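Worksheet for the structure shown next.
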């Protein structure tokens, strides 16, 4: 193999690569925020007394979890304008990723809800809390605490999924990596740098989440 | 909306769609099978290996899992030709998905093996089994039971990830759909159709997984 490494053309574009990874992180953050809010509603619906509401929630989860995210992205960006709903590429990608995230977050929260001991809810009823207050002060705090590790894993997955935005020309890291690849032909270098940037970011996210978990999760006694 | 035109177009393109679905099946199957074999080796190395075995396996899992699949696919495709392996798009894509699958299976197996108690290995040694024997008769059957549901989820992920090969020009279901759309501009209808086909494949795998999971479920899990 006589390939001469030359990283200079890649590091010339360093600010662009960083802006790309910044946009990726932003897309993931916005999507997980919207997806979590939506997922929370779906999780409560999946435990609702109403049978139709429950099956609606499970259908939502099942459909979105079994669709490839790329198909959702392309459908929203290229398909929806036909129904008169034209979104720009960043908005449309955020909508796609948020919908996808909502199904995964609903599963996470559903698991969190199941982990709240029934006795605590009964204790809340015994001291005369309304059902809203039981949810607000007992169920939600315990659920969030239990859901935190799974939340972190989903955030990392979503961050990696932002690379798909490149397929609809959203200028994030993978988009720029492909661009530099075709402009400079520094093939190995550019993919090495791009993967390393993703790995470092994922690792940094893991560290932040671990610190959060340490603060929030009670020691098991 | 003109649905009759759409149905006409589906009938006209049925061969292409079937061929695309077949490619999706083929590449997913290769990735799942080869990835599982490689993943089992990595999972064993990372759980029971000595340092020179464990570290590369750990590094492999962390690197592949830290990289988006799309980057993995693009990197495999471009880098393999840059270093002189002339892989076709299909081969490069299948290789990328296999590497991806192996890292997941490795991690799944590690989780399952570590949930088994250490005493079982000692018991195996005490009755004179070699490590191969212990793994084959004691550890693996139990690990399989815990790992199978997650493994099925990984298989669904592989089918979903196979859509990314459309980016490097493998004519699987999604790229076929895009080619059909470029002729008739029925964006929404054909993406919807592709979505339905993917959903049916993944849903079927999920249901099979649930069925097997129920069959394998232990009535009680005794902790030793």
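The values are calculated or read from the model by the stated rules, or taken from the named source; none is laboratory data. This structure is a prediction, so every number in the text was calculated from the model and none was measured. Note that we place each Cβ from the backbone using ideal geometry, even for glycine, and neighbour counts take in every protein chain shown.
The requirement of being surrounded by 15 or more Cβ atoms within 10 Å (Cβ to Cβ) and more than 25 Å from residue B:149 (Cα to Cα) is fulfilled nowhere in region B:99-108; no residue meets it.
Going by the conditions given, is residue A:49 out of contact with any helix residue (DSSP H, G or I) (no Cβ under 9 Å at 6 or more places or on another chain) and either more than 25 Å from residue A:166 (Cβ to Cβ) or surrounded by fewer than 20 Cβ atoms within 10 Å (Cβ to Cβ) (or both)? Spelling it out, residue A:49 is indeed out of contact with any helix residue (DSSP H, G or I) (no Cβ under 9 Å at 6 or more places or on another chain) and either more than 25 Å from residue A:166 (Cβ to Cβ) or surrounded by fewer than 20 Cβ atoms within 10 Å (Cβ to Cβ) (or both). From the list B:112, B:82, the one residue that fits, being within 13 Å of chain A (Cβ to nearest Cβ) and modelled with pLDDT under 95, is B:82.
Rundown of residues vs (1) out of contact with any helix residue (DSSP H, G or I) (no Cβ under 7 Å at 6 or more places or on another chain); (2) at the interface with chain B (Cβ under 9 Å from one of its Cβ atoms); (3) assigned to a helix (DSSP H, G or I); (4) within 19 Å of residue A:14 (Cβ to Cβ), yes/no style:
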position: A:138; (1), (2), (3), (4): no, no, yes, no
position: A:148; (1), (2), (3), (4): no, no, yes, no
position: A:153; (1), (2), (3), (4): yes, no, yes, no
position: A:164; (1), (2), (3), (4): no, yes, yes, no
position: A:181; (1), (2), (3), (4): no, yes, yes, yes
position: A:202; (1), (2), (3), (4): no, yes, yes, no
position: A:209; (1), (2), (3), (4): no, no, yes, no
position: A:213; (1), (2), (3), (4): no, no, yes, no
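The sole residue among B:18, B:87, B:59 that is surrounded by fewer than 17 Cβ atoms within 10 Å (Cβ to Cβ) and away from chain A (no Cβ under 14 Å) is B:18. The single condition from (1) more than 10 Å from chain B (Cβ to nearest Cβ); (2) within 25 Å of residue A:17 (Cβ to Cβ); (3) outside any loop (DSSP other than H, G, I, E, B); (4) in contact (Cβ under 8 Å) with a residue 24 or more places away in the chain that residue A:170 fails is (3).
Can you tell me which residues in region B:189-198 are within 8 Å of another protein chain (Cβ to nearest Cβ) and surrounded by fewer than 18 Cβ atoms within 10 Å (Cβ to Cβ)? Result: B:192, single match. Checking A:64, A:87, A:56 one by one, the residue that is farther than 17 Å from residue B:196 by Cα, more than 8 Å from chain B (Cβ to nearest Cβ) and at pLDDT 95 or above is A:56 and no other. As for region A:13-26, it holds no residue that is assigned to a helix (DSSP H, G or I), out of contact with any strand residue (DSSP E or B) (no Cβ under 7 Å at 6 or more places or on another chain) and closer than 24 Å to residue B:198 by Cβ. The single residue among B:74, B:38 that is within 14 Å of another protein chain (Cβ to nearest Cβ) and touching a helix residue (DSSP H, G or I) at 6+ places or on another chain (Cβ under 8 Å) turns out to be B:74. Working only within region A:183-196, note down all residues that are more than 8 Å from every other protein chain (Cβ to nearest Cβ) and either surrounded by 19 or more Cβ atoms within 10 Å (Cβ to Cβ) or closer than 16 Å to residue A:89 by Cβ (or both). Residues satisfying the conditions are A:186, A:189, A:190, A:193. Within the span defined as region A:129-144, one or more residues are within 30 Å of residue A:70 (Cα to Cα) and under 20 Å from the mean Cα position of the chain (by Cα).
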